[in-house]
Amino acid sequence: MTCWQCSEIFDDLFFCPKCNALQPPPKDYFQFFGIRRHLGIDVAQLQTQFYDLSRKLHPDRYSRKSERERSLSTEATAILNDGWRTLKDPLERAEYVLNQEGFNIGEQRSKDVPPELLEEVFELNMAIEDLRDGDASAKEQLRSAQQRFAGMMASSNQDLEQLFVRWDSEGGKDPLAAIRAVLNRRRYISNLIRDAEKELS
Amino acid sequence: MSSFQIDFGDAAKQRIIGIDLGTTNSLGAFMDLTGPQVIPGENGALLVPSVVAVSEDGQPIVGAQALKMLTTSPDRVVYSVKRLMGRGLGDITEELKLFPFHIAEGSDSVIQLEVGGRVYTAPEVSALILRQIRKNAEAFFGEAVDQAVITVPAYFNDAQRQATKDAGRIAGLEVLRLVNEPTAAALAYGLDKRKQGIIAVYDLGGGTFDISILKLHNGIFEVLATNGDTHLGGDDIDNLMIAVALEDIETEWGINIRGNQEAVQTLRKAVIEAKEQLSFAPAVQLSLAWEGKTYQRELTRAIFDHLITPIVDRTLGPCRACIADAKVAIDQIDEVVMVGGSTRIPLVRSAVEALFKAKPHTELNPDEVVALGAAVQAGILSGDVEDTLLLDVTPLSLGIETMGGVVSKLIQRNSTIPASATESYTTGVEGQRNVLIHVVQGERELAKDCRSLARFDLKDIDPMPAGLPRIEVKFLIDANGILNVTAREQRTGKEQTVEVKPSYGLSDEQVEAMVLESIEKAEEDFNERQVREARVEGERVLAAVQKGKQSDAWDELSDEERATIDLAMNELIMVSYHSDHLLIHDKMEQLDQVTRGLAEKMMNTAVGVALKGTKIE
């Protein structure tokens with residue numbers, strides 16, 4: 001990188017080693033935090049890093065500096081905050097990596113019912129209809145469906161954890177495709193949970 | 001002869017003051033070596049009532065003087081203008097029922113208020129209040145003050161923040177930062193002394209309510225979540241009590257005095273006094289004397305509590321939502337800080353204590369704590385306060401209107417700011433030159449239920465087949481909680497022109513015009529400061545000469561010399577009443593000239609005494 005202020009050429013992150021001026025920040029979150037791209041992140045360590053970087057980059061520290069540095073500080077802190085928000089949450093983090101690797105959610109989002117859920121969805125809709133028709137016993141059915149969904153979410157957490165470890169060690173497209181499928185499934189299930197909750201309340 | 005080179009060093013640094021621009025009262029504070037201090041105003045009063053009046057000859061009057069006029073000529077006075085900041089005519093129907101705002105013609109995009117024959121926007125009224133605080137600060141420091149940190153309710157939206165920033169600019173202040181009031185209060189409490197922990201700040205002011213939950217971490221104040229209601233406060237309690245009393249009066253006297261502003265304002269004053277006393281006394285007399293009639297009622301705390309319970313309850317919903325958003329359990333909250341005049345009310349305190357299961361902090365004056373915190377933030381910006389850093393959040397989600405009026409959220413509420421999001425846009429028709437983006441703020445699914453912030457017009461797109469342009473739009477919420485939008489065409493890398501049409505508030509041109517107008521006022525202010533400084537200097541010189549007249553040297557002067565000095569003194573006293581600082585300096589100089597002989601003789605006498613002193617030894 002070439003320093004915008006003193007034209008020094010350097011490799012450091014954020015600051016020119018010669019004149020100390022704040023530099024345009026990297027946009028990639030992993031690069032920004034100075035960590036390799038992986039999914040099994042140590043969040044406590046990332047938080048320490050977040051606080052340290054906040055102290056160095058926050059606009060409050062640049063109020064007496066040049067216009068250029070002030071705007072760079074706002075830009076850098078925005079990326080820092082967005083990055084921290086994204087990387088600290090395993091689901092957001094996975095979405096971020098998937099997006100970078102070309103596994104976007106795309107247009108279809110969660111409309112397609114994952115095949116293994118077809119039966120569950122059918123039963124849930126039946127129960128909801130029954131409840132609306134005044135069949136109070138359907139309430140029980142909804143509650144037990146809710147519990148099953150919660151169980152599915154919990155087990156998908158474990159699936160994700162294993163897939164994270166796999167991608168971190170071997171890389172490649174396969175684990176990512178599997179993660180994509182789990183995330184879609186989760187999205188679908190959480191919609192079902194919400195539907196059931198709405199009917200019960 | 002050698003001369004000194006004085007190195008001013010840090011002293012040359014510009015001073016930044018902190019200002020709490022409140023619904024009921026405003027005040028300024030600054031940072032000294034011992035910590036944040038309040039800046040005293042005229043007559044030593046600390047609080048400046050946020051009230052503006054217009055005198056018979058069209059001059060604005062600010063503060064205590066204006067407040068007094070409220071009961072004598074209410075149509076010349078405006079108060080609680082903070083409730084109108086950044087709002088459109090459509091959202092103030094409730095306010096108009098309860099406050100005597102006179103809306104002028106042409107209030108489509110910005111509300112125009114008529115006050116005593118003059119027309120002001122809400123930011124202009126706020127600017128008059130800010131100008132008063134700035135004047136107080138300049139008189140106190142004896143130097144120009146141009147930079148400030150101003151506080152806003154945490155739950156203020158973009159338009160309300162922008163309006164506050166505009167007010168600062170109109171008052172001739174460079175607003176270096178808008179700080180959220182509850183966060184400022186946390187800074188003032190110096191809770192960073194406790195290295196770790198979670199604290200809640202409950203801020204019930206004159207017109208706004210905020211709740212914020214913060215995590216402390218070695219000097220970093222990280223806001224986890226914030227919630228509130230920008231139209232809930234002590235004002236609402238007053239209005240409720242007034243409504244009850246008016247009804248009572250109507251039953252007793254058989255007449256309706258609602259239409260008489262003088263009577264209503266006199267009653268309002270009595271109600272506020274009663275409310276304040278009830279924080280200490282178990283019962284008070286509420287009385288109104290009007291046109292020979294007297295109304296009197298005993299008001300016990302039990303009745304008062306019963307009356308205001310619905311209002312206090314309205315604060316608890318946002319508290320619970322905030323705790324949920326912060327993802328903390330109630331028993332994890334270590335401390336609760338109380339801010340705002342309305343937290344003096346015992347019922348408010350007990351409700352907060354019951355909800356948070358913790359004894360609330362009330363050590364600092366709830367009217368001053370926000371301004372003190374603003375001063376701490378000013379210290380952080382100037383570099384004087386080094387280890388403390390505030391990480392605040394945006395209170396409301398930011399989204400864009402998509403097909404069918406549905407909101408697509410870009411930045412979630414309670415995101416740490418600065419925060420950003422990018423979206424890609426393209427054209428739908430061949431040769432399309434513009435793309436319009438409607439940005440809203442709020443939590444609802446449909447754009448019509450959210451708060452419209454602005455329409456951004458991406459202009460002058462190079463004519464291309466439909467779908468080919470790739471315009472990346474960056475939405476950035478800065479450290480003040482204010483939205484900035486930039487756009488770039490990805491293929492060409494060309495910066496795209498973005499025209500902003502704010503839904504509510506002043507355009508840049510309007511603010512600029514008001515700033516220009518206020519520069520003239522600033523010159524008046526500057527002159528006034530110079531006059532004040534000259535007067536102080538003159539008084540010092542007069543006191544010195546007066547002291548000289550007591551000395552033996554005075555008697556050694558000829559009658560003529562003594563008469564010349566007396567004349568020069570009188571002249572200086574006379575011109576001190578004028579507002580021409582040059583004239584005051586002239587007369588000071590003249591007095592200095594004619595007292596040289598006296599000064600010399602005094603010196604000799606002093607030396608003589610000193611010499612005699614040595615001899616005796």
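Just for strands (runs of 3 or more DSSP E) wholly inside the stretch B:29-134: which have at least 3 residues that are in contact with a strand residue (DSSP E or B) (Cβ under 6 Å, 6 or more places away or on another chain) and aliphatic (A, V, I, L, M)?
Those strands (runs of 3 or more DSSP E) span B:51-54.
Out of all the residues in the stretch B:338-354, is one or more surrounded by fewer than 19 Cβ atoms within 10 Å (Cβ to Cβ), of a type in the set (Val, Ile, Thr) and within 30 Å of B:Ala274 (Cβ to Cβ)?
No - not one qualifying residue is present in the stretch B:338-354.
If you check B:Asp462, B:Asp457, which single one turns out to be more than 14 Å from chain A (Cβ to nearest Cβ) and part of a loop (DSSP other than H, G, I, E, B)?
Matching residue, one of B:Asp462, B:Asp457: B:Asp462.
Only one of (1) touching an Asp or Glu at 6+ places or on another chain (Cβ under 6 Å); (2) within 27 Å of B:Val352 (Cα to Cα); (3) loosely packed, with under 15 Cβ neighbours inside 10 Å fails for B:Asn256. Which number is that?
(2)
Output the qualifying pairs, or none if there are none: Cβ atoms under 8 angstrom, residues six or more apart or on different chains, first residue in the stretch B:380-402 and away from chain A (no Cβ under 14 Å), second residue among the acidic types (Asp, Glu) and in a loop (DSSP other than H, G, I, E, B).
As it stands, the answer is B:Leu396/B:Glu443, since those pairs meet every condition given.
Residue under question is A:Ser155, and the condition is that it be within 28 Å of B:Thr416 (Cβ to Cβ) and either at pLDDT 90 or above or away from chain B (no Cβ under 14 Å) (or both); does it hold?
No; evaluated as a whole, the condition is false for this residue.
For B:Thr416, all conditions in the list (1) buried (at least 19 other Cβ atoms within 10 Å of the Cβ); (2) of a type in the set (S, T, N, Q); (3) within 14 Å of another protein chain (Cβ to nearest Cβ); (4) farther than 24 Å from A:Arg64 by Cβ hold save one; what is the number of the exception?
Of (1) buried (at least 19 other Cβ atoms within 10 Å of the Cβ); (2) of a type in the set (S, T, N, Q); (3) within 14 Å of another protein chain (Cβ to nearest Cβ); (4) farther than 24 Å from A:Arg64 by Cβ, only one is false for B:Thr416: (4).
Name the one entry in A:Leu22, A:Leu39, A:Leu91, A:Leu87 that is closer than 17 Å to B:Thr416 by Cα and at pLDDT 90 or above.
Unique residue meeting the criteria: A:Leu87.
Just to confirm my filter: which helices (runs of 4 or more DSSP H) fall fully inside the stretch B:230-338 and include at least 3 residues that are over 30 Å from B:Arg87 (Cα atoms), touching a helix residue (DSSP H, G or I) at 6+ places or on another chain (Cβ under 7 Å) and of a type in the set (Lys, Arg)?
none
Looking at the structure I just gave you, is A:Phe15 under 24 Å from B:Gly383 (Cβ atoms), away from every other protein chain (no Cβ under 14 Å) and in contact with a Leu (Cβ under 7 Å, 6 or more places away or on another chain)?
Against the criterion (under 24 Å from B:Gly383 (Cβ atoms), away from every other protein chain (no Cβ under 14 Å) and in contact with a Leu (Cβ under 7 Å, 6 or more places away or on another chain)), A:Phe15 qualifies.
List pairs: first in the stretch A:36-55 and within 14 Å of chain B (Cβ to nearest Cβ), second assigned to a helix (DSSP H, G or I) and hydroxyl-bearing (Ser, Thr, Tyr), Cβ under 8 Å, 6+ apart or cross-chain?
A:Ser54/A:Thr77
Suppose the filter is touching a strand residue (DSSP E or B) at 6+ places or on another chain (Cβ under 8 Å), crowded, with 20+ Cβ neighbours inside 10 Å and closer than 30 Å to B:Ala184 by Cα; does B:Ile471 pass it?
No; evaluated as a whole, the condition is false for this residue.
Of all residues in the stretch B:125-179, count the ones that are of a type in the set (Asp, Glu) and either within 14 Å of chain A (Cβ to nearest Cβ) or within 13 Å of the chain's Cα centre (by Cα) (or both).
Of the residues in that region, 3 qualify.
Counting only residues that are surrounded by 18 or more Cβ atoms within 10 Å (Cβ to Cβ) and within 14 Å of chain B (Cβ to nearest Cβ), give me the helices (runs of 4 or more DSSP H) lying completely in the stretch A:56-135 with at least 3 of them.
The qualifying helices (runs of 4 or more DSSP H) are A:67-88.
For the stretch B:206-216, state whether one or more residues are surrounded by fewer than 22 Cβ atoms within 10 Å (Cβ to Cβ) and within 14 Å of chain A (Cβ to nearest Cβ).
For the stretch B:206-216, residues surrounded by fewer than 22 Cβ atoms within 10 Å (Cβ to Cβ) and within 14 Å of chain A (Cβ to nearest Cβ): present.
Kindly list the number of the only condition in (1) part of a loop (DSSP other than H, G, I, E, B); (2) within 30 Å of B:Gln112 (Cα to Cα); (3) more than 14 Å from chain A (Cβ to nearest Cβ) that fails for B:Glu499.
Failed condition: (1).
The values are calculated or read from the model by the stated rules, or taken from the named source; none is laboratory data. All values reported here derive from a predicted model rather than from experimental measurement. Positions of Cβ are backbone-derived with ideal geometry, glycine not excepted, and every protein chain shown enters the neighbour counts.
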